[in-house]
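The values are calculated or read from the model by the stated rules, or taken from the named source; none is laboratory data. Worth saying up front: this structure is predicted, and the values here are computed from it rather than measured. Every residue, glycine among them, receives a Cβ derived from its backbone with ideal geometry; neighbour counts consider all protein chains shown. Remember, those area values only see protein heavy atoms, side chains included, never the ligands or the DNA or RNA. Shrake-Rupley method; radii C 1.70, N 1.55, O 1.52, S 1.80 Å.
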Amino acid sequence: MGKNKNRLDLLNEIAKHLIKANIQCDFNILVLNNANKDLIKDEWKISKMISYEEILDKSSKCSVIVDVVKEGQSGLTLRVLEALFFGKKLITNNKNICNCDFYSSDNVFIVGVDNWDDFEMFLGSELLQIPNNVKNKYLLETWVNNFDS
């Protein structure tokens, strides 16, 4: 869910592997005056932003969340936090995620690091439950309290 931001090639690669594993892709790419709009699959195109409430609803119902960050971005996105709190598998190109305390190769597939040959095994493996004391560090309330300290 979001704008293309030159992520289309990677989204297509991820989609190819998801479809091969019989997982339906529900990518929503905002198309306004995008020069590459003809390259985006019609079923992925949206013409207006989706509310965050709708994004959360979709994220809560899916089996896997995809997070594609721009080159050079290293911080966590909302998709990562949604995967963490909804207990979903995550596919991301954020190589720095392996430094996070909640990282587990059972839960996170890192594009460009992990091997696509292992992808279906990753999808079929059990999700490792992350302890609440780790997840709680990523609650907004915790972040705000840390700034007040």
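Over segment 48-110, give the accessible area per residue in Å² for a 1.4 Å probe, as an integer. Intermediate values should be presented prior to the final figure.
On the way: 3140 Å² over 63 residues.
With all protein chains present, segment 48-110 gives 50 Å² per residue.
Are there GluC sites (Glu not before Pro) in segment 73-127 that DSSP marks as loop and that have at most 16 other Cβ atoms within 10 Å, and which are they? List each step's numbers first, then the result.
Working: sites: E82, E120, E126; in loops: E126.
Sites meeting the loop and neighbour criteria: E126.
Which stretch or stretches of segment 73-95 have amide N atoms under 17 Å from the point lying 7 Å from H17's Cα along the Cα→Cβ direction? Flagged as within label range: 80, 89-95.
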